[in-house]
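First the structure, which I've put down as structure tokens, then a few questions once you've had a look.
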Amino acid sequence: MDICHPHNLNRLPTSEKPYGIRVRLPAGDTFGSLLGTDWEQFHWYASRAERDAVLRDMASEHLYSRSGDRPHLIHEAVQAPDTPNDPSV
């Protein structure tokens with residue numbers, strides 16, 4: 001069965017989208033009791049520049065957050081395992 005929305009995040013990375021962002025919870029975060037302590041999510045992009053722009057936005061203070069709120073997720077740049085090794089990920 002095909003996925004009806006191609007933007008769904010549960011798809012595996014393809015060779016067209018080798019640059020990713022791994023999102024996970026910090027150790028001891030209380031959301032771990034809801035999501036599981038090993039929860040993580042990957043977002044995949046076609047270019048390093050696109051990935052880096054989204055990574056900066058994800059890790060920044062959100063426009064509509066209350067003053068002083070900070071994201072409690074860990075955002076990490078990654079590369080798909082089936083792509084050539086790039087030390088500058």
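The values are calculated or read from the model by the stated rules, or taken from the named source; none is laboratory data. What you see is a predicted model; the values in this text were computed from it and never measured. Glycine gets a Cβ as well: all are built from the backbone with ideal geometry, and neighbour counts include every protein chain shown.
I'm trying to understand the selection: among the residues of segment 33-66, which are part of a loop (DSSP other than H, G, I, E, B), at pLDDT 90 or above, over 23 Å from T83 (Cβ atoms) and not aromatic (F, W, Y)?
To start, the set of residues in segment 33-66 that are part of a loop (DSSP other than H, G, I, E, B) comprises 36-39, 46-47, 60-66.
If we keep only those that are at pLDDT 90 or above too, we end up with 36-39, 46-47.
Still in the running and over 23 Å from T83 (Cβ atoms): 36-39.
Of everything in segment 33-66, those that are part of a loop (DSSP other than H, G, I, E, B), at pLDDT 90 or above, over 23 Å from T83 (Cβ atoms) and not aromatic (F, W, Y) turn out to be G36, T37, D38.
Right, here's the next one. Within segment 70-89, can you find the residues that are modelled with pLDDT of 70 or more and in a loop (DSSP other than H, G, I, E, B)? Step through it out loud before you land on a result.
Filtering segment 70-89 down to residues modelled with pLDDT of 70 or more leaves 72-83.
Once the filter is applied, which keeps residues that are modelled with pLDDT of 70 or more and in a loop (DSSP other than H, G, I, E, B), segment 70-89 yields H72, L73, A80, P81, D82, T83.
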